[in-house]
1. Distances from residue D:26 to the same residue in each other copy, label points 7 Å out along Cα→Cβ, in nm, shortest first?
2. Return one number: the angle in degrees, 0 to 90 and rounded to the nearest 10, between the long axis of the Cα atoms of helix C:5-25 and the longest principal axis of the Cα atoms of chain C.
3. Taking the protein assembly as shown as the region of interest, what is the percent of Cα-Cα pairs per 20 angstrom bin, listed from the shortest bin to the one with the maximum distance?
4. Expressed as an acute angle from 0 to 90° and rounded to the nearest 10, what is the orientation of the C-alpha long axis of helix A:80-94 relative to the principal long axis of chain A?
5. Classify chain D as rounded, prolate or oblate from the Cα gyration tensor: take a ≥ b ≥ c as the square roots of its eigenvalues, call it rounded if a/c is under 1.5, otherwise prolate when a/b beats b/c and oblate if not.
6. What's the center-to-center distance, using Cα atoms, between segment C:110-165 and segment B:11-68 in Å?
7. Put the label 7 Å from Cα along Cα→Cβ for residue C:147; what are its distances to the other copies, in nanometres, shortest first?
8. Which distances, in nm and shortest first, link the residue B:39 label point to the same label point in every other copy, taking 7 Å along Cα→Cβ?
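Every number here is computed from the coordinates shown, using simple stated rules; none is lab data. Just so it is clear, the structure is predicted and the values come from calculations on it, not from any experiment. Cβ: placed from backbone, ideal geometry, glycine included. Neighbour counts: every protein chain shown.
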DNA sequence: CATGAATGAGGTTTCATTCAT
DNA sequence: AATGAATGAAACCTCATTCAT
């Protein structure tokens with residue numbers, strides 16, 4: 001509400017965006033690089049995120065919430081099969097940098113903080129809905145449990161991150177995965 | 001041939017084992033931790049592997065060669081399908097630390113040295129033979145190209161590495177993958 | 001202009017002075033000794049001079065600029081002969097530590113950076129003016145080229161640095177040199 | 001007398017030669033480089049010279065003895081002037097690496113051991129004879145004391161070591177010095 | 001007596017975090 | 001609230017010296 005708040009909000013957002021960019025490309029990047037890209041002082045970064053781990057968690061949280069929102073949105077569509085597979089494909093296509101962030105986190109020893117855990121749970125819940133609906137619509141085999149399908153999602157994402165994997169190959173890989181999932 | 005070489009060999013082996021262990025659990029671990037686990041002085045590690053990157057590469061190389069040897073061995077079996085799926089399962093089951101090492105390497109900026117590259121090529125070649133034979137035996141669909149199947153192998157490995165994935169879930173995930181691969 | 005800059009300036013100056021002192025006495029001294037003498041943390045030294053070589057260059061540059069300024073100042077005097085020989089004597093008397101620094105630099109492999117090179121050129125130019133004027137005034141023989149006179153300056157400086165050379169001896173040595181230079 | 005002695009002698013000589021070469025070019029070189037050039041194990045170097053400082057001293061001693069021998073030899077010549085100036089020129093021409101060694105020594109903190117000190121004294125004595133004879137022959141001014149002439153010798157040597165000093169310039173510099181010394 | 005491996009102390013440099021303005 | 005300087009701990013790597021063969 002106070003004018004300064006606006007500045008602070010702006011800074012927080014700019015830092016998050018910069019961090020997503022920086023850590024997405026180099027999991028081991030220094031906090032100072034984030035500050036430089038965000039065009040704020042290093043101390044400002046630490047004012048908003050008292051710890052590097054907290055910064056990483058915040059970035060991860062944002063990513064997960066974004067995915068959750070997309071899943072929720074897709075859950076409203078008519079074609080449950082397209083919704084499920086479309087979401088799966090999107091996650092795999094875009095997850096390169098999310099992965100890098102998760103790795104940076106786990107390298108820090110801390111196994112994801114409260115917020116990130118919640119965001120992950122929310123995302124998984126939304127994905128579970130997509131899966132359920134796709135199974136009820138007959139698009140996905142009924143004997144596939146959530147845990148293994150989610151593991152497949154994670155695996156496919158990570159596989160797609162493999163250095164130099166061409167999009168065409170990635171798509172053919174996904175076709176193999178989808179053939180195993182269809183009923 | 002010379003007497004002391006025996007000790008040196010021992011140390012080199014001990015360092016490699018320690019490194020595999022240490023970097024398998026924490027890609028960012030320090031070289032000193034490796035030395036401590038191997039029970040040698042830090043300088044001894046650097047005598048055998050003049051650079052941290054070289055140490056990482058050596059560990060990765062050993063792992064890849066081990067996998068290649070297993071693939072070659074399996075290629076001699078009669079049942080080409082079992083050979084292929086068996087190898088796939090083994091790789092996925094054991095690759096947790098291989099991954100961590102590859103990541104530590106790529107975090108170091110250097111994209112894997114000569115030896116590691118060769119070992120990787122050898123492993124992929126051996127895996128290609130397994131795939132070919134499984135396809136000719138009708139155990140794997142013929143329209144699955146090597147690139148995507150290999151990407152799937154990598155992805156499944158990485159997916160299995162997901163923190164706290166239970167073996168049972170991992171196996172069910174693999175069943176989904178295998179159903180997509182079978183003809 | 002910004003408040004903290006004052007502190008930083010102070011620190012930078014303190015570090016330079018400390019470095020001049022430390023490296024003047026022991027060319028191989030560690031950066032940590034400089035930090036200790038300057039009463040700052042080691043990282044502060046590296047913030048101001050990102051590399052040990054850069055620190056050495058900075059010290060050398062300061063020294064050379066100081067000498068250049070003195071030469072320029074003397075060039076304004078009426079008695080060109082006194083100006084020339086006075087400068088020569090000053091350089092020889094004070095150059096003990098400048099030498100040590102130049103050696104530390106060359107030991108580092110890097111043959112003096114941009115700034116130091118420029119400072120050296122400026123100093124040589126100013127010395128050249130002193131020589132010219134002394135020759136035109138008939139105080140120094142005309143057939144003495146700049147290169148050899150400068151080499152003589154360097155040599156006399158280094159000779160004076162010889163361990164335990166007494167000032168009286170140094171002065172008599174300079175008299176011999178000056179007799180060779182007079183017309 | 002025992003056969004092994006011959007080997008040891010050989011090794012000692014080879015090490016000294018290698019050390020002269022290595023330290024002549026890089027005062028900060030490691031002892032291992034000396035061992036490599038001498039084609040002996042590092043431990044062999046330390047068997048002959050229990051300390052790096054002792055090795056440096058030995059090299060310096062050899063050099064000084066060599067110079068002393070030359071001075072003694074020249075002292076037998078008829079033309080005392082040529083003998084003196086010839087020796088002076090030789091010292092200056094060849095002293096580049098001697099200097100480097102002396103610097104390496106002084107960088108080590110130790111101010112030259114017993115043997116090196118004696119060798120230095122011997123060399124100075126022989127040079128003193130050359131000077132005396134040249135003065136009595138009227139080739140060098142009588143009012144030049146030994147201390148300052150020796151300082152000049154050292155200075156000229158060091159000046160000649162200046163990076164990239166061309167031989168022609170060095171010779172012209174020496175002419176200036178000699179003009180100051182002549183009676 | 002020679003060798004090469006092993007060692008620990010120390011040097012340079014980076015980085016997350018705190019302090020002073 | 002924002003900044004940038006300061007800091008110490010730790011990382012990687014080197015080297016003189018010692019041990020075991």
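1. Going from nearest to farthest copy, the values are 2.3, 2.9, 3.5 nm.
2. For C:5-25 against chain C, the angle is about 60 degrees.
3. 13, 31, 24, 21, 10, 1
4. With both axes taken from Cα atoms, the answer is about 40 degrees.
5. Details: a/c = 2.49, a/b = 1.84, b/c = 1.35.
Note, shape of chain D comes out prolate.
6. So the separation of the two Cα centres works out to 55 Å.
7. 3.6, 6.3, 8.4
8. 4.0, 5.0, 5.9
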